[in-house]
Amino acid sequence: MNQKVLRILEFEKIIDKLTEFAASPPGKELCRTIAPLTWPEDVRLAQRETSDALRRTVLNGSPSFSGVRDLRGSVKRLQVGGVLGMPELLHVSSLLTAAARVKSYGRSSGDSLKRSSLPRAEGTPTETGGEEFADSLSESFHLLEPLTPLNQEIGRCILSEEEMSDDASPGLRRVRRTMRLTEERVRSQLNTLLNGNRSYLQDAVITVRGGRYCLPVKAEYKGQVPGMVHDQSSSGSTYFIEPMAVVRLNNELRELEIEERKEMEAVLAALSAMAAEWAPLLESNYEILGRLDFIFARAALSSHYDCSEPRFNTDGYIHFRDARHPLLDARKAVPITVTLGRDFDLLIVTGPNTGGKTVSLKTVGLFTVMGQCGLHVPAAPDSELAIFEEVFADIGDEQSIEQSLSTFSAHMSNIVSILERADGRSLVLLDELCAGTDPTEGAALAISILSFLHNMQVRTMATTHYSELKVFALSTDGVENASCEFNVETLRPTYRLLTGIPGKSNAFAIAGKLGLPDFIIKDAGKRIGSEDAAFEDLLSDLEKSRLALERERAEAESYRMEAERLKERIAGKQSRLDESREKILARANEEARQILANAKAAADEAIRNINRLASQSGVGKELEKERQKLRKQLDAAGERTAVRAEKPKKAYRPEDFKIGDAVRVLSMNLNGTVSTRPNAKGDLYVQMGILRSQVNIKDLEPLQEDTISTPAGGFGSGKKQSREKGRSGSIGMSKSFSISPEINLIGKTTDEALPELDKYIDDAYLAHLPQVRVIHGRGTGALKKAVHQFLRRCRHVASYRLGEFGEGGTGVTIVEFSYDK
C-alpha cells in the first residue's frame with residue numbers, strides 16, 4: 001500500500017502512539033515498520049493476536065519486556081567464534097531473564113484465561129491436549145527458551161559491566177587473593193617508610209602513579225629517599241617516588257595484574273563458548289520477545305482508544321457503527337455509522353463546510369488501514385471491514401508551486417493516477433471532487449469520473465458541494481447519497497453522518513445568521529434556477545420530515561420505556577400482594593398450631609397426673625390407650641392446620657451438589673450447607689446451624705450463597721432463617737424454629753426431669769428434628785439411668801447413645817428419632 005495514502009490519512013500519528021506502548025528495541029522497530037496486510041488469513045491472525053493479548057492483559061496485566069537488548073551483532077560474533085565482553089554477556093543474561101519472565105506470564109495468564117468467562121476471539125483454539133489453554137499467543141510463549149543454566153552462569157561470573165566475580169574461576173580467585181596479600185605487604189612497607197621519614201614527605205599519604213605505589217617527597221629531599229621517580233606535581237615542589245624497598249613488590253603486583261587479565265579473558269571465552277552453543281535460540285528469543293512486545297503494544301493501543309475487533313470480508317463490504325476517529329478527542333467526537341459495498345458501492349457525501357465530511361472520509365480510510373495492520377478500531381463490536389489490495393485517497397490541498405500546479409491541476413493529476421491503478425479490490429476516497437474550476441464543468445467531470453469508478457465496481461466514497469452529484473446519486477442504481485447534519489439555528493454542525501439523505505450547503509441560512517442583509521439573500525435566491533430552487537426546497541422538506549420522524553421515534557421510545565416501567569411496577573405490586581397473602585395464611589395456621597399445641601400439652605399433663613394417681617388402681621393401661629387415642633386425634637388436627645412441604649423445582653442429580661453448597665431442606669424448611677458428597681442412594685449430610693442431618697437429594701433445593709445465614713444463638717435463632725414467601729413445611733417444620741436441639745436436665749430430680757423430658761421428646765418429634773441432645777450430667781448416674789429407661793420405652797426413639805468426644809461425653813445422651821417414610 002502506497003506511503004502517500006498513509007501520510008494523507010495521518011496513519012503515522014497512530015504509529016507514533018503505538019510505538020510509545022512498546023518497551024523493547026525490536027518491539028519498537030516492528031511498530032515503526034507496521035504495514036497493512038492484504039492476505040485475509042494474515043489479517044485475521046493479526047486481529048486474533050491483538051484480541052488474545054488484550055484478554056490476557058485484562059486478567060493479568062501487561063507483561064514486562066524491559067531488559068530486551070539488541071543482540072544481533074553479538075550473536076553473529078558468537079557464530080564466528082568471537083569472544084564477548086562483560087557488557088555483551090550481561091545483555092545476553094538480561095535477554096534470558098526477560099524470556100523467563102515473559103514465559104512465566106504466558107503460563108499464568110493462560111491459566112487465568114482457562115478459568116475466566118471472558119469470550120474468546122473468533123478462531124481461537126480451546127485447549128491443547130485437553131490440559132492447557134491455548135490461543136494464538138500460546139505457541140510464542142511456549143517457544144521461548146530461558147536457558148537457565150547459561151543465565152545463572154553469567155550471573156555467577158559477572159557482577160557488573162566492569163566487575164567480574166572472584167568465584168568466576170579457581171585461577172582468578174587464587175590470583176586475586178595473592179594480589180591482596182601483596183598489596184598489604186606493599187602498604188605495610190610504605191607505612192614504615194612514611195612513619196620514619198615524615199619530614200621528607202609533602203603529605204603523610206600513600207599514592208599511586210602509573211599503577212605503582214609511591215610516596216609524595218618534597219623536592220629538596222629528593223635525594224634522601226632512594227627509589228624511582230614516577231611523576232612530579234605541577235608546581236614542581238613534590239616528587240612521587242617509588243622507594244627501592246617496594247620496587248620488587250610492585251613488580252609482583254604488575255605481574256599479578258597481567259595474570260588476572262588472562263584469567264578473566266579465559267572466563268569470558270568459556271562463557272562465550274557456552275553462549276555460542278545456544279546462538280540460534282538467543283536469536284529466536286530476541287525475535288519472539290520483540291514480536292510479543294509488538295502484539296501487546298497493539299493491545300494497549302486498543303485499550304487506550306477503547307477499540308474492538310472488527311470482522312473482515314473479501315466482498316468489499318464496509319459497515320461500522322458508532323465509529324470515532326482515533327485522533328479526535330473521545331469526549332467531543334460524535335460517533336458515525338457508515339455502510340458501503342453491499343447495496344451500493346458509491347457513496348456521495350454532501351453538506352456544509354466544517355460539517356465533518358472530510359473527517360468521515362478519513363475515518364473510513366484510517367479504519368481500513370488500521371484493521372489490515374492487525375489493530376482494533378474505535379467502533380462498535382459488530383463492525384465489519386473489507387480487505388482491500390490498495391487504498392487511494394485524494395484529500396487536502398495538493399497545490400505545488402515547485403511543479404507549477406494549481407489546486408485543480410494537482411487534484412486532477414492525483415485522480416488520473418488513481419483511475420489508472422484502481423480496480424475491484426481497491427478503496428477510493430475523494431474529497432471535494434473536481435473543485436477549484438468552473439462549477440458546471442467540474443460537476444460534469446465529477447459525474448463522469450464517479451460513473452467510471454462505479455462501472456469498475458470500485459468501492460468509492462466522495463464528498464462534494466455539487467447539486468448535480470446529488471441528482472446523479474438519486475437517479476443511479478448502486479449509488480447512494482449521504483449528508484453531514486447541520487443545525488441552522490446554532491450555525492453548528494452536529495457531525496452526524498446520515499446515509500440516504502442528500503445534504504444542503506445552507507449558504508443562505510448561514511449568511512443570514514451572520515448578518516447579511518435580507519434583500520441581498522432574497523436577490524440571490526431569485527438568481528437560482530427554478531429547478532435548482534425546487535430541488536433545494538425538496539431537500540428542505542426531506543430534512544423537516546426526517547427531523548419529525550426522529551422526534552416521533554424518540555417519543556415512541558419514551559412511551560415504550562414508560563410502559564415497561566409500569567409493567568414492572570404492576571408485577572412488583574402483584575408479587576407483594578401474593579407474598580402478603582401467603583404470610584397471612586401462614587400466620588393463621590401458626591396461630592392455630594400454637595393453640596393446638598397448648599391444648600395437647602395441657603392434655604398430656606393431665607393424663608400424666610391421672611396416670612400417677614391411678615397407677616395403684618389397675619386402670620393405667622386403659623388410661624394409656626385413651627391417651628394414645630387423644631394424641632392421634634391431635635396429630636391429625638395438626639396435619640390439617642399445617643402448610644404442606646414444598647417440592648423441589650426440578651429433579652436434581654448427585655453431581656449438582658458439592659461440599660459447601662447452600663441448600664434448603666424442604667421437609668424441615670431449613671437452610672444449610674452441604675458437608676458431604678451424595679452416596680450411591682443420593683443421601684448426604686447437611687449442616688444446619690449446630691444440627692447435622694442426613695438428607696436425600698430429593699428433599700433438597702440449591703440456594704444462592706447469600707440466602708444462608710448461620711444462627712448465632714443456637715439452632716433456629718438466626719436472623720435470616722427465611723421462610724420463603726411465608727410458607728412452612730408442617731406444624732413440625734414451624735416448630736423447628738422454636739424447639740432447641742438439646743434439653744438440660746442437670747440439677748433436676750428424676751420426678752422433675754422425666755415429665756419435662758417426655759414433653760420435650762414429643763415436641764422435638766413433631767418438629768421433625770432428626771436428633772437431639774439430652775444433657776443429664778455424670779453425677780451419681782441415677783438421672784442418666786432414668787433417662788435411658790424412659791427412652792427405651794418411647795416409641796418415637798429409634799436409638800440413643802452416649803455422647804462422643806466433642807459432643808459432651810458420658811454427660812450427654814444423643815437421641816435419634818424414627819419417622820414413617
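The values are calculated or read from the model by the stated rules, or taken from the named source; none is laboratory data. Just so it is clear, the model here is predicted, and its values are computed rather than measured. All Cβ positions, glycine included, derive from the backbone under ideal geometry; neighbour counts span all protein chains shown. Side chains are part of the model used for accessible areas, which takes the heavy atoms of the whole protein and leaves out ligands, DNA and RNA. Shrake-Rupley method; radii C 1.70, N 1.55, O 1.52, S 1.80 Å.
From the backbone phi of segment 195-211, what are the Karplus-calculated ³J(HN,Hα) couplings (6.51 cos²θ - 1.76 cosθ + 1.60, θ = phi - 60°) in whole Hz, Gly and Pro given as x?
6, x, 10, 4, 5, 7, 9, 6, 9, 7, 9, 9, 10, 10, 9, x, x
Could you tell me which of rounded, prolate or oblate describes segment 197-306, using a ≥ b ≥ c as the square roots of the eigenvalues of the alpha-carbon gyration tensor, with rounded for a/c under 1.5 and, failing that, prolate when a/b is larger than b/c and oblate otherwise?
Oblate shape, in that a/c is at least 1.5 and b/c is the bigger or equal ratio.
Accessible area of ASP306, 1.4 Å probe, to the nearest 10 Å²?
The accessible area comes out at roughly 110 Å².
Roughly how many Å² of ARG569 are accessible to a 1.4 Å probe, to the nearest 10?
130
For a quick check: with amide H placed at 1.01 Å from N, whose amide H comes under 5 Å from ALA333's, ignoring anything fewer than 5 positions away on the same chain?
HN-HN under 5 Å from ALA333: empty list.
Given a 1.4 Å probe and the protein chains all in place, what does the accessible area of VAL416 round to, in Å² to the nearest 10?
Result for VAL416: roughly 70 Å² accessible.
Pull up all non-local amide H partners of TYR495: gap of 5 or more, or a different chain, and H-to-H distance under 5 Å with H placed in the peptide plane.
Excluding prolines and chain starts, which carry no amide H, the hits are GLU485.
Could you rank THR97, THR440, THR19 by how accessible they are, 1.4 Å probe, largest area first?
Most to least solvent-accessible, the answer reads THR440, THR97, THR19.
Output wanted: per-residue J couplings in Hz (rounded whole) for segment 579-594, from phi through Karplus 6.51 cos²θ - 1.76 cosθ + 1.60, θ = phi - 60°, x for Gly and Pro.
Whole-Hz 3J(HN,Hα) from phi for segment 579-594: 5, 5, 4, 5, 5, 4, 4, 5, 5, 5, 5, 5, 5, 4, 4, 5.
Would you kindly state how much longer the chain becomes between ARG551 and LYS222 on full extension, computed as 0.36 nm times their sequence separation minus their alpha carbon distance, in nm to one decimal?
Result: 107.7 nm gained on full extension.
If you take the Cα atoms of segment 446-486, find Rg, then find the Kirkwood Rh from the mean of 1/r over all pairs, what is Rg/Rh?
Here Rg/Rh amounts to 0.94.
At a Förster distance of 60 Å, what's the computed FRET efficiency of GLU441 paired with GLU564, Cβ-Cβ distance as r, to 0.05?
In this case the efficiency is close to 0.55.
Cα-Cα over 22 Å: which of LYS332/LYS362; LYS583/LYS658; LYS649/LYS681; LYS332/LYS357; LYS4/LYS362?
In this structure, LYS583/LYS658 lie more than 22 Å apart at Cα.
Report, by chain and number, residues whose modeled amide H sits under 5 Å from the one on CYS214, excluding near sequence neighbours (fewer than 5 apart, same chain).
Amide H neighbours of CYS214, under 5 Å, 5+ apart: THR207, VAL208, ARG209.
Could you state the accessible area per residue of segment 295-376 in Å², with a 1.4 Å probe and every protein chain left in place?
34
Name the shape class, rounded, prolate or oblate, that the alpha-carbon gyration tensor gives for segment 743-808, where a ≥ b ≥ c are the square roots of its eigenvalues, rounded holds for a/c under 1.5, and otherwise prolate holds if a/b is larger than b/c and oblate otherwise.
oblate
Where in segment 1-102 are there chymotrypsin sites (Phe, Trp or Tyr not before Pro) that are in a DSSP coil and have at most 16 other Cβ atoms within 10 angstrom of their Cβ?
none
So, with +1 on the Cβ of K and R and -1 on the Cβ of D and E, and no other charges, what is the size of the charge dipole of segment 662-707 about its Cα centre, to the nearest 20 debye?
200
What's the carbon and sulfur percent of segment 347-460's accessible surface, probe 1.4 angstrom, rounded to a whole number?
Carbon-and-sulfur percentage of accessible area, whole number: 51.
How large a share of the accessible area of segment 200-311, in percent, is made up of carbon and sulfur atoms when the probe is 1.4 Å and the other protein chains stay in place?
After summing per-atom areas, the C and S share lands at 49 percent.
Counting Lys and Arg as +1 and Asp and Glu as -1, each charge on the Cβ, what is the dipole of segment 1-78 about the Cα centre in debye, to the nearest 20?
240
Determine ³J(HN,Hα), in whole Hz, for all residues of segment 474-482 in sequence, where each value follows from phi through the Karplus function 6.51 cos²θ - 1.76 cosθ + 1.60 and θ = phi - 60°; x replaces Gly and Pro.
3J(HN,Hα) across segment 474-482, in whole Hz: 5, 9, 10, 5, x, 10, 10, 7, 8.
On a 1.4 Å probe surface of the protein chains, which of ARG291, ARG551 comes out largest in accessible area, and what is the full order?
The ranking, largest first, comes out as ARG551, ARG291.
Suppose a student asked you for the relative contact order of segment 166-315, using Cα pairs under 8 Å spaced at least 6 residues apart; what percent would you report?
Dividing the mean separation by the residue count of segment 166-315 yields 19 percent.
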